[in-house]
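These notes are about the structure you will find just below.
The values are calculated or read from the model by the stated rules, or taken from the named source; none is laboratory data. Computed from a prediction, not measured in an experiment: that's the story for all the values here. All Cβ positions, glycine included, derive from the backbone under ideal geometry; neighbour counts span all protein chains shown.
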Amino acid sequence: MAEHPAYPVGLRLTGRRVVVLGGGQVAQRRLPALIAAGADVRLVSPEATPSVEAMADAGEITWERRGYADGDLADAWYALIATSDTEANERASAEAERHRVWCVRSDDADRATAWTPATGHSEGVTVAVLTTDAKGRDPRHTAAVRDAVVEGLRDGTLVAPHHRTRTAGVALVGGGPGDPDLITVRGRRLLAEADVVIADRLGPRDLLAELPPHVEVIDAAKIPYGRFMAQEAINNALIEHAKQGKSVVRLKGGDPYVFGRGMEEFQALAEAGIPCTVVPGISSSISVPGAAGIPVTHRGVAHEFTVVSGHVAPDDERSLVDWPSLAKLTGTLVILMGVDKIGRIAETLIAHGKSPDTPVALVQEGTTAAQRRVDATLATVADTVVAQEVRPPAVIVIGEVVAVGRPGTA
């Protein structure tokens, strides 16, 4: 058998008996896929790892707490032999051969009748890679090939066009805080499949350069106090392009629902009868402080954090923020879109009881090559912003966690 390559096949195991011998690390890695396949999994092992035991406790598998006995494979369609008892493995392997049960052996692949491929998944496709040379099996190489194919499908660098008609619609994609590598896998894949991309200024712009030439890119940049595309116009553009049968991606910075007007766009699309998918993104409120070495929570320092929009001042009648209550909190305060209002914000917090010495950090262009961090206190932050010429976009962090993450501090 060793002279011939393995024949690849997909097993449909729903409701069919699968026997796993051994409850160690091999079983722990293989069981989730067998459970996901709907198999009737029977584990035979005197011991199991905590994770495997949890699967049994949850009723996902049936666990018989004993060693292998002849006859265990009689009703099986598929078997995984993964015990540390070589003699038991040999007997089980021989039983599998007698009963014509496809059998994987973790201890001796050459004695097995089946091999487990390196597998990965991408949008309804399972990629399975096997070594064709039976004498020179290299699991690390097959895993590397698997990873390369799956990653290429996910990020669009490996193009596999759909030949069936796709359903037109809109995806509201959170692009993350700025670094193009921080967009989600799903978001990047949807970008690669888009016909039209309507992008914000604060979205990861580098991703637009990767789009194929036929993709139409519409600039929906909202530059502070400059030119902007009205929200109604954005909504209309999303609807019109989707009605033309196109796949549309609305690429937004951070997360669509964190000060991103994502729900307004979702509601407009719903009213127009346009299907919409929401793809969450990494919010700058936690990722940018993290990139600057600031944890928004820290044991013994902050047990909560609050995210606030600072685009209107505390004394502005449009403000919906309860600034006096925020001043009384002992946790972390993260302010977005508040650079030009930080002076009045700081004054308000101090006036309602916040210590003027409370540490403040401003992180400009977070997660990008232009990132910089400027430290101050509530008492000095207004002058510091002017002196250091801090400009949007910048995330402002107020609280003792700033000192925790400050260079040179414990």
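Tabulated data
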{"quantity": "Residue in the stretch 189-222 that is surrounded by the fewest Cβ atoms within 10 Å (Cβ to Cβ), counting only those that are β-branched (Val, Ile, Thr) and touching a Lys or Arg at 6+ places or on another chain (Cβ under 7 Å)", "calculated": "196"}
{"quantity": "Filter pass, residue 256 being touching a residue at least 24 places away in the same chain (Cβ under 8 Å) and crowded, with 20+ Cβ neighbours inside 10 Å", "calculated": "yes"}
{"quantity": "Selection from the stretch 259-282 of residues that are surrounded by fewer than 18 Cβ atoms within 10 Å (Cβ to Cβ) and of a type in the set (Asp, Glu)", "calculated": "264, 271"}
{"quantity": "Single match in 355, 285 (criterion: surrounded by fewer than 21 Cβ atoms within 10 Å (Cβ to Cβ) and not aromatic (Phe, Trp, Tyr))", "calculated": "355"}
{"quantity": "Condition check for residue 345: surrounded by 17 or more Cβ atoms within 10 Å (Cβ to Cβ) and touching a residue at least 60 places away in the same chain (Cβ under 8 Å)", "calculated": "no"}
{"quantity": "Pairs with Cβ under 7 Å, 6+ apart, first in the stretch 1-15 and over 18 Å from residue 127 (Cα atoms), second of a type in the set (Asp, Glu) and modelled with pLDDT of 85 or more", "calculated": "15/40"}
{"quantity": "Residues (out of contact with any helix residue (DSSP H, G or I) (no Cβ under 8 Å at 6 or more places or on another chain), touching a residue at least 60 places away in the same chain (Cβ under 8 Å) and among the hydrophobic types (A, V, I, L, M, F, W, C)) located in the stretch 259-270", "calculated": "259, 266"}
{"quantity": "The stretch 45-100, subset of a type in the set (Val, Ile, Thr) and within 24 Å of residue 14 (Cβ to Cβ), residue surrounded by the most Cβ atoms within 10 Å (Cβ to Cβ)", "calculated": "81"}
{"quantity": "Criterion violated by residue 66 - all others in (1) assigned to a helix (DSSP H, G or I); (2) out of contact with any helix residue (DSSP H, G or I) (no Cβ under 7 Å at 6 or more places or on another chain) satisfied", "calculated": "(1)"}
{"quantity": "Breaking point among (1) outside any strand (DSSP E or B); (2) surrounded by 17 or more Cβ atoms within 10 Å (Cβ to Cβ), for residue 42", "calculated": "(1)"}
{"quantity": "Pair list, Cβ under 7 Å, 6 or more apart: the stretch 384-397 residue assigned by TED's automatic domain parsing to the domain that holds residue 366, other residue buried (at least 21 other Cβ atoms within 10 Å of the Cβ) and of a type in the set (S, T, N, Q)", "calculated": "390/364; 391/364; 394/364; 395/284; 395/285; 397/332"}
{"quantity": "Candidates 360, 296, 374, 381 - the one that is at pLDDT 95 or above, under 30 Å from residue 190 (Cβ atoms), touching a strand residue (DSSP E or B) at 6+ places or on another chain (Cβ under 8 Å) and not assigned by TED's automatic domain parsing to the domain that holds residue 254", "calculated": "296"}
